[in-house]
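Data block below; observations after.
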Amino acid sequence: MTGGAKPQLNIALIQAYIEIGEPGANTNHLAAMMEKAVSAEERPDVIVLPEMWNTGYALDRIGELADPNGEETKRRLSDFAKRHGVHIVGGSVAEKIGDRIYNTMYVFGRDGEITARYSKMHLFRLMDEEKFLHAGEEAVTFDLEGLKAGASICYDVRFPELSRTLALAGANVLFVPAEWPHPRLHHWRTLLTARAIENQMYVVACNRVGRSGETEFFGHSLLIDPWGEVIAEGGEEESIVTGTLDCTLPGEVKGRIPVFEDRRPHLYFK
Ligand SMILES: NC(=O)CCC(=O)C(=O)O
């Protein structure tokens, strides 16, 4: 946390059902859930959306469905952020740039300005992502009112190198929008908890719910603190999962167990 930072951040995770290949319906549905989130008594400072919330994994039609340059997505999310004075970590959408399609997150500040763009770097072969999408090439951090945040998307969480890179760049919270299905709930909870403990950072993970073809997405969106304790967890139904980050806690945890001072990077294989 840096000087003048907000000591706490209320988070709302939009654990939504996503209709495969229906960007219009999904946009309206998520907008309605976001309106509900900001009308809660405990107003969120940050709204988080799931992965590929505009199209779902309609990869065989992704060329026609992806948002050209993300223009429509950016316009809508920026407008919402500004209208309600809320940060948005916009999950991810299928973004078309030239003839390439990326799985991309946009982040907006309270003024509606875009503060980050991150494209998923590790494409998930079990869902054929590598056949249809291009991988991002750059790790991304962004500022949330003095709390430095790192971007990752779903399968990225299996690669501790990315979260460690983000932590070394100063990130104290890792965002993980996802479309993570059964039967890998155990992996989801274990990997997210490990990333929180090993990097002494918050992990904020928003997963979709519902069936798409043969695949059942289980929700269980999670807010995990830098000790690895679960602050909030969704069930398997559509819901808005909420919790509060104490922005001083990552620093306290680092002070108690000096993991980052005790690293021996010169001994690690490259
Ligand atoms: N959308 C994804 O990246 C899914 C990742 C996943 O399910 C996994 O087990 O990893």
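Here are the numbers for this structure:
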quantity	calculated
Expected 222 nm ellipticity per residue - DSSP helices of 4 or more, -39500 (n - 2.57), all of the chain, to 500	-8000 deg cm²/dmol
Difference of contour (0.36 nm per residue) and Cα-Cα distance, residue 227 to residue 19	71.3 nm
Long-range amide H partners of residue 124 with built H, under 5 Å	129, 130
Over region 76-125, relative contact order from alpha-carbon pairs under 8 Å, at least 6 apart, %	35
Pairs of lysines in the chain (C-alpha under 17 Å apart; 8 or more residues apart or interchain)	8
Label-to-label distance, nm, for residues given as residue 83 and residue 99 (7 Å Cα→Cβ offset)	3.8
Pairwise label distance in nanometres, residue 40 with residue 248, each label 7 Å out on the Cα-Cβ vector	2.4
Mean separation of Cα contacts under 8 Å, 6 or more apart, over the residue count of the chain: relative contact order %	19
Å³ per residue enclosed by the Cα convex hull of region 8-259	108
Order by protection proxy (mean Cβ within 10 Å, highest first), peptides 114-120, 64-70	114-120, 64-70
Residue-normalised accessible area of region 8-259, given per residue in Å² at a 1.4 Å probe	40
Packing rank of 41-48, 24-31, where each peptide gets the mean count of other beta carbons within 10 Å, highest leading	41-48, 24-31
Pairwise centroid distance, computed over Cα atoms, of region 3-62 with region 70-90, Å	10
For region 96-175: relative contact order, % (alpha-carbon pairs under 8 angstrom, 6 or more apart)	24
Beta bridge orientation in region 68-165: antiparallel %, DSSP, nearest 5	90
Region 208-253 versus region 181-201: alpha-carbon centroid distance in Å	10
With every protein chain in place, the chain: carbon and sulfur % of accessible area (1.4 Å)	51
Bridge type composition, the chain - antiparallel percent by DSSP, nearest 5	65
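The values are calculated or read from the model by the stated rules, or taken from the named source; none is laboratory data. Predicted model only: the values in this text are computed from it and were never measured. Virtual Cβ from ideal backbone geometry, glycine too; neighbours counted across all protein chains shown. These accessible areas exclude ligands, DNA and RNA; they are computed on the full protein's heavy atoms, side chains included. Shrake-Rupley method; radii C 1.70, N 1.55, O 1.52, S 1.80 Å.
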